[in-house]
Amino acid sequence: MSLQIAFILIFVSKTKTLQNMNLRIKEVIKEKGTTITELADKMGINRVNLSNMINGNPTVETLNKIADAIGCPVTELFDRPKEDVIHCPVCGAKLELKQKEE
């Protein structure tokens, strides 16, 4: 598990929200060659509900369901940092990412 994803999971477990996290769900759906309507059908929900979930504040459970339905790891739904620094979505603090030495 990457440090970024570990941070996300810790943040989500503390705040119970993904608000302010950069998600790229629509991009991944398009990359996988499917549409919101097709994905909603595959998930057994209507397109409007799926669209609301994606555009709102999706839960970790929803992200897992979307990832399973399009056949990708849930980590692919999160935006990758452009550098080895991410910012805390709560306080804005700059957090440096370092590779764990084994």
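The values are calculated or read from the model by the stated rules, or taken from the named source; none is laboratory data. The model shown is predicted, which means the values in this text are computed figures rather than measured ones. Positions of Cβ are backbone-derived with ideal geometry, glycine not excepted, and every protein chain shown enters the neighbour counts.
Between a residue in the stretch 62-87 that is more than 15 Å from L23 (Cβ to Cβ) and any residue that is in a helix (DSSP H, G or I) and at pLDDT 85 or above, which pairs come within a Cβ distance under 8 Å, given they are 6 or more apart or on different chains?
From residues that are more than 15 Å from L23 (Cβ to Cβ), the pairs are A69/L39; A69/K42; A69/M43.
If you scan the stretch 24-65, which residues turn out to be within 16 Å of D79 (Cα to Cα) and either in contact with an Asp or Glu (Cβ under 7 Å, 6 or more places away or on another chain) or acidic (D, E) (or both)?
R24, E27, V28, E31
Could you check how many residues of the stretch 54-90 are assigned to a loop (DSSP other than H, G, I, E, B), modelled with pLDDT of 90 or more and surrounded by 12 or more Cβ atoms within 10 Å (Cβ to Cβ)?
Number satisfying all stated conditions: 1.
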